[in-house]
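The values are calculated or read from the model by the stated rules, or taken from the named source; none is laboratory data. Here the structure is a predicted model, which means the values were calculated and not measured. In this analysis, Cβ positions are derived from the backbone assuming ideal geometry, glycine residues included, and neighbour counts consider all displayed protein chains.
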Number of protein chains: 2
Amino acid sequence: MSPAAETEAPWARRPKRADGRRNYDAILEAARVAFANRGTGASLEDIAKAAGVAIGTLYGHFPTRETLVEASVREQLDQLDQAATTLTEEDGDALGALTAWVRLAVEHCSTYRGLASFLAGSAHTAGAPLHHTGVIVHKAVAPLLAKAKEAGRIRTDVTAEELYAVITAAAWTRENSPEQVDHSVRLLAFVTEGMAPQAG
Amino acid sequence: MSPAAETEAPWARRPKRADGRRNYDAILEAARVAFANRGTGASLEDIAKAAGVAIGTLYGHFPTRETLVEASVREQLDQLDQAATTLTEEDGDALGALTAWVRLAVEHCSTYRGLASFLAGSAHTAGAPLHHTGVIVHKAVAPLLAKAKEAGRIRTDVTAEELYAVITAAAWTRENSPEQVDHSVRLLAFVTEGMAPQAG
DNA sequence: CCTCGAATGGAGGTAACCTCCCCCCTCGAG
DNA sequence: CTCGAGGGGGGAGGTTACCTCCATTCGAGG
């Protein structure tokens, strides 16, 4: 986090000129609304229209759909990261802390319909805007996972990678569940049990 | 399965005229290739072209993408159904039979990239071509599930519905896993453990 | 051979993606 | 305050894919 050597992402940097920033923010806000209503596949031209901006402007700020999706969830991601830190520092139930965080992560990964697919798709593609997201999640879980292992509450062979796969799968299930019956809850419950040591 | 009272699907019935059947088959074959290469989102116009047929002809036989997807996996589905019957009749490890079938189902549900999403999407939409698929899967697991419960090898509160959610989630994970590292295997392992009685 | 209607072809309307490039407006230097 | 540079904006238009529609063709049964 050295402020000088900041390796900032080359895509979707908030512009320096005032009008640029105004449009950037308007697009982002419109995108959040559109993604919430129609999923990550929402029409970019509609988003531009809703933001009161031409399509070229949108592409100027966000060269691909993925960069726009990434930007629209970045804040939530930071919260998730902080939550992990908080939960790690708390004393007490190490397994509870881990599962609580996982539930939180699932919720965030299913903010928009289609988000889970984006995340899974770029998880193994270095350089993708949302790959960055996956990396942060990995770093965030690591301490929680380690603590749960030390406490003997979880198998020692469970990796952060696997946990990420579980999280995205649960998020996807949540997106695809019918109203009022979130199957991801049960899925997570089963997986949690299955990750306990000597379960077999 | 009464041959007279056959409630056949109104979509994508194999046509009676010879030229119609020829085209129907050609389209289906081209679709299988295209879906295998590009996923269920493959261009329908390309499929028509590959089948040596005009786009209107394709739509004549398969009014929606979903009907085409359904038709292209129907045979596999029947095999899956039969496998369930066979495994149910076998004596021996009831849990093993169930998990073996589940693994088979996951494989079939991830035949094409995007298939899992189609299945999950229409799972709760009565009337959808692929809803039919979900129903058959439900019927197929029921006996296997019952047997495993009787043998005390699985929690009695696990429903076929939940199992279907697990299967599609695992299939989706498989589709999204990087080459050579199929995370769905581990996911299934965890879930299986978690479904055991008195695991907690 | 003839008739009926199933099956076909493919033009064309619609929607969304994305690029390109001219023009304008902001901002900082003078 | 003025002015010049260039970052930023606009939006037309090429491209691809979806899906519909209907005049025409052709197969099957009589």
For this session: Just one of (1) outside any helix (DSSP H, G or I); (2) in contact (Cβ under 8 Å) with a residue 24 or more places away in the chain; (3) within 14 Å of A:R113 (Cα to Cα); (4) aliphatic (A, V, I, L, M) trips up A:V53, so point out which.
Result: (3)
Seminar exercise, completed: Looking across region A:15-57 at residues that are in contact with an Asp or Glu (Cβ under 8 Å, 6 or more places away or on another chain) and over 18 Å from A:T111 (Cβ atoms), the single one that is nearest to DNA strand D (Cβ to nearest atom) is A:I55
Problem set entry | Which listed residue is more than 16 Å from the chain's Cα centre (by Cα), in a helix (DSSP H, G or I) and crowded, with 21+ Cβ neighbours inside 10 Å, from A:L130, A:L119, A:L68, A:L98 | A:L98
Seminar exercise, completed: Exception for B:T111 within (1) within 11 Å of chain A (Cβ to nearest Cβ); (2) surrounded by fewer than 23 Cβ atoms within 10 Å (Cβ to Cβ); (3) of a type in the set (S, T, Y) falls at (1)
Problem set entry | Scan of region A:14-47 for residues that are in contact (Cβ under 8 Å) with a residue 24 or more places away in the chain, more than 10 Å from DNA strand C (Cβ to nearest atom) and out of contact with any helix residue (DSSP H, G or I) (no Cβ under 7 Å at 6 or more places or on another chain), ordered by number | A:A26, A:A36, A:G39
Exercise. Name the pairs: first residue in region B:60-71 and in contact (Cβ under 8 Å) with a residue 40 or more places away in the chain, second residue within 14 Å of DNA strand C (Cβ to nearest atom) and of a type in the set (S, T, Y), Cβ to Cβ under 6 Å, at least 6 apart or on different chains?
Worked result: B:H61/B:Y24
Seminar exercise, completed: Note on region B:48-89: residues out of contact with any helix residue (DSSP H, G or I) (no Cβ under 6 Å at 6 or more places or on another chain), among the charged types (D, E, K, R) and away from DNA strand C (no atom under 16 Å from the Cβ) are B:R74, B:E75, B:D78, B:E89
Problem set entry | Hey, B:F190 assigned to a helix (DSSP H, G or I), within 14 Å of another protein chain (Cβ to nearest Cβ) and within 25 Å of A:A160 (Cβ to Cβ) or not | yes
Seminar exercise, completed: Going through (1) free of Cβ contacts under 8 Å to residues at least 60 places away in the same chain; (2) crowded, with 16+ Cβ neighbours inside 10 Å; (3) not hydrophobic (A, V, I, L, M, F, W, C) one by one, A:E90 fails only at (2)
Problem set entry | Residues that are small (G, A, S) and over 13 Å from the mean Cα position of the chain (by Cα), drawn from region A:137-176 | A:A142, A:A146, A:A148, A:A151, A:G152, A:A160
Seminar exercise, completed: A careful count of residues in region A:88-101 that are in contact with a Leu (Cβ under 7 Å, 6 or more places away or on another chain) and closer than 23 Å to A:S184 by Cβ gives 4
For this session: Look at A:E75 and say whether it is assigned to a helix (DSSP H, G or I), at pLDDT 95 or above, more than 16 Å from DNA strand D (Cβ to nearest atom) and within 30 Å of A:N176 (Cα to Cα).
Result: no
Seminar exercise, completed: Filtering region B:161-185 down to residues that are of a type in the set (D, E, K, R) and facing another protein chain (nearest Cβ under 7 Å) yields B:E162
Seminar exercise, completed: Scanning region A:138-179 residue by residue, those outside any loop (DSSP other than H, G, I, E, B), without any contact (Cβ under 8 Å) to a residue 60 or more places away in the chain and among the hydrophobic types (A, V, I, L, M, F, W, C) turn out to be A:V141, A:A142, A:L145, A:A146, A:A148, A:A160, A:A165, A:A169
